[in-house]
1. Can you put A:396, A:686 in order, fewest other beta carbons within 10 Å first?
2. Hey, fewest Cβ within 10 Å first, where do A:138, A:349, A:179 land in order?
3. Can you tell me how the range A:722-827 classifies by the Cα gyration tensor, rounded, prolate or oblate, using a/c under 1.5 as the rounded cut?
4. Modelling each spin label as a point 7 Å along the Cα-to-Cβ direction, I'd like the residue A:740/residue A:285 distance in nm, to one decimal.
5. Given q = 0.15, 0.19 Å⁻¹, what are the Debye log10 I(q)/I(0) values for the range A:309-390, with equal point scatterers placed on the Cα positions and solvent ignored?
6. Taking the Cβ of residue A:785 as the center, what net charge do the other residues with Cβ under 10 Å away carry, scoring Lys and Arg +1 and Asp and Glu -1?
7. When only DSSP loop residues count, what trypsin sites (Lys or Arg not before Pro) in the range A:489-553 have their Cβ near at most 16 other Cβ atoms within 10 Å?
8. Given the options A:658, A:631, A:642, identify the residue whose Cα lies farthest towards the positive end of the charge dipole of the range A:608-723 (+1 on Cβ of Lys, Arg; -1 on Cβ of Asp, Glu).
Amino acid sequence: MSRELGKIYEPKDVEKKLYDFWECSGFFKSNIDDSKEVYTVVMPPPNITGKLHMGHALDDTLQDILVRFKRMKGYNVLWVPGIDHAAIATEAKITEQMRKEGIKKEDLGREEFLNRAWKWKEEYGGFISEQVKKIGCCCDWAHERFTMDEGCSKAVSEFFVRLYEKGLIYRGKRIINWCPKCLTSISDSEVNFEENQGNFWHIKYQILGSNEFVVIATTRPETMLGDTALAVHPDDERFKHLIGKKVIVPIIGREIPIVSDEYVKMDFGTGVVKITPAHDPNDFEVGLRHNLPVINIMDENAVLNDEAGKYQGLSRYEARKKIVSDLEELGALLKTEDIKHNVGSCYRCSSVIEPRVSTQWFVKMKPLAGPAIDCVKNGDVKFIPERFSKIYYHWMENVKDWCISRQLWWGHRIPAWYCSDCGEITVSKEPAKECSKCKSKNIVQDEDTLDTWFSSALWPFSVFGWPDETDEFKHFFPTDTLVTGYDIIFFWVSKMIFSSLEMTGKIPFKNVFIHGLVRDSQGRKMSKSLGNGVDPIEVIEKYGADALRFTLATGNSPGNDMRFSDEKVLSSRNFANKIWNAARFIHMNLEGQDVKNEIPDDLSETDKWIISRFNNIVLEVTENIEKFELGLALQKLYDFIWDEFCDWYIEFSKINILENPKDCIGNKQVLVWIMSGTLKLLHPFMPFITEEIWQSFPQSEKSIVISEFPEYNKNFDFKRSEGIVKRVIEIIRSIRNRRAEMNVPQNKKTSVYIDLSEEFSNLKEYKNIIKKLSYSDNLKFGNDFNIENCAVILTSFAKIYIPLKELIDKDLELKRMNKELENSKRYLESSKLKLCNEKFMSKAPENVINNIKNTVLELESKILKIESEIKNIEKL
RNA sequence: GGGAGUGUAGCUCAGCUGGUUAGAGCACUUGCCUUACAAGCAAGGGGUCACAGGUUCGAGUCCUGUUACUCCCACCA
């Protein structure tokens, strides 16, 4: 039973051992069990690329806290772990790896490339799971899923086909965001806009058949090669006469019309805009309205093509330079201004995005958005904190169609086949063998794959075997709580909600628990380019998983960003060590004795006090966790353990145990019982250390993981004892305080005389405790002391005298007494004022009024005492 | 341009539905190796809760306005 605990807690010695023990014992496994209430969480799947970062550690820790709590509360818990194939990110990594070897994607071919990708998955997938385990996550590994495994892929086809058949997926020629480096389209939300210092070139276009010019201003002069119109605002008096006329594009000499369109802002630039439908999203729209030709002047690498004439083969930036200098030579360049404007770049590789007209697949969003908004509005899905629902509405209400096709190989291939005979598109869950219209065998599958989020949108139900109505799907879905960061609400949360509603008719989860970003100690975002990222695994190796978890779970509130610093982890580590040593103290006193882990029949007031305090903490912590106030819950546990249990109850126990080492089994039982209970409360937050200590005490369960979370018990509510011990502590504190003020070192013992008021005369029973903890070597109770040359401490229920003899300074003491008198009088005044206030008396609740009345009585007696003591001292 | 958040001790942050004289960690000062823990113990200093109004018997907490910073969305040819 009593295992030897080292002086310092060494996480390394226990974490791996305990995790293996938990896993082998099957504590994390869950099966269908109708006798228990279900609690399901699906883990946001980390990308298959690279390592876990601090954001994952936070996300996983929060989930683990909730899941462990619910398991201890008796729920049938399932936490599904998994990994995301991360199409574009992974493909970029593999392509990069190949580039170093001098191989191109095309050289390898689709099949070989995919072989490589799967090898990558095998290698890195296990690596990520290992990291999740190191954090301590109690997920059910038997349920682990991958977004491209067979089941999830089946779900993806089902999703695509159903939406297509309902007319919610369409294929169309649109202008999309093209990344010239990743060579794929990306969705609007994958584009990052950043302010950029650029130039605003003013260029003259000659009006056909006249010597007049109009001037346009542009930041992208190279696109003029694709101009098919100029546009002005219909109400712009300056240019009304030009509408319908033609102008000549400089350099290339093409004749293009001047159209009118409300898109043009009269007060921006020159009021005249060049329209290049192939290379600007707004121009594309204008082009559609005015039936303008679309001239694409660039290839997929953003290099100018044969439409660009003599500029063919130049990159977009080389072409820009050349065209500007050519315009200058021609005299068509009127002036060059500086301008700040936003430039979009790829969220993966940061290349500047090139708007590009191409044929892509889209999801029609409007019909899907409605129900997705409603289920949050009516409370079926709750965001925590609530304010994030506003952000969600705002986005959903303005959502645009979702471009889902990607020109990548790593991902779910679009289940569409094109017939070379009749041109019909065949969309099918199973690989198509023939054209659905003309039955021709001459069909080819779409080369493109689907956006990663298309499969992660299905995650909460695809992991349970949907579209099959599996028993698991019926039992565990909808899930309970989704834990994720606010940065991913648009990317992912919104997509899961509308997909789930559309496919299963149910919400995917009841709660969305949103957390913020983990920033560095200076508040900067952790990023690769800054090199300020902190590796959670390194932190674990240095300080332990529990210290990391404590750091991430405490000191911040839901939805807010937090800063991560070594100092914080250090203080968390110290907390772990504090608990460890409390356990050591208890063990030390258990030596050779058979102490039961239960509350004894005969309880002292201090026992009742700590039990009552513990009982109260149980109630508060449970409530806090249920309300997702994890930081608050943990703070309360910290305070209880450190301040109340260690600093007071253990100190009380020491005195008791030292006095009668054989005869205090009851006290020892309480120590073991409180410690065990506290460990259980703390276990969801700090699983390793709590398990290690818990097992070292007599317990009925073989693991804390499957023990019962403590319940509030009204029989353990000892308010009277709390009052008594509170006063004992007050006496001790006030004596220590006075000694410190007088610079009496702790190793110098003094005499202390205490004159208790009648109703608290029973505090005499705590003589030994007070004597020891107030550094006294001579403690007497009574009311007939010779108090000459004594420092006096007054509480509402006692007068305390310390004969400090030569140490005391009369003037200093008088000054202090007068100051205290002032304070008490001021406080009394403000309290009395409240009691005289009729409105206060009629409206404030009874307990508030009673508190103040008591305060007034206490203050009045205290003031009297102070005044008489001042007189006494003055006589000296 | 639209939306959201934040502003509390030197620093990092708590403070739940308004209720005694506002808290923690770190840092700082002083004294302690006291039979778990110096990764510790005891005591202390330090805050007109961004500013101005308002509601209320009572405001860090609710309302209005101002101001500073941060983030998100949209996007300026």
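1. Values: A:396 20, A:686 26.
If I rank by nearby Cβ atoms, fewest first, I get A:396, A:686.
2. Working: A:138 22, A:349 14, A:179 27.
The fewest-first ordering by Cβ neighbours comes to A:349, A:138, A:179.
3. Working: a/c = 1.56, a/b = 1.16, b/c = 1.35.
Oblate shape, in that a/c is at least 1.5 and b/c is the bigger or equal ratio.
4. About 6.7 nm separates the two model spin labels.
5. -0.87, -1.08
6. Details: positive: A:780, A:799; negative: A:755, A:784, A:788.
My count for the surroundings of residue A:785 gives -1.
7. On the way: sites: A:495, A:506, A:510, A:519, A:524, A:525, A:528, A:542, A:549; in loops: A:506, A:524, A:528.
Of the trypsin sites (Lys or Arg not before Pro), the ones in loops of the range A:489-553 whose Cβ has at most 16 other Cβ atoms within 10 Å are A:506, A:524, A:528.
8. Going by the Cα projections, it comes out as A:658.
All of the numbers you see were taken from the coordinates with simple rules; none came from a lab. Being a predicted model, the structure only gives us computed values, none of them experimental. Heads up, the Cβs are rebuilt from the backbone with ideal geometry, glycines too, and the neighbour counts pull from every protein chain shown.
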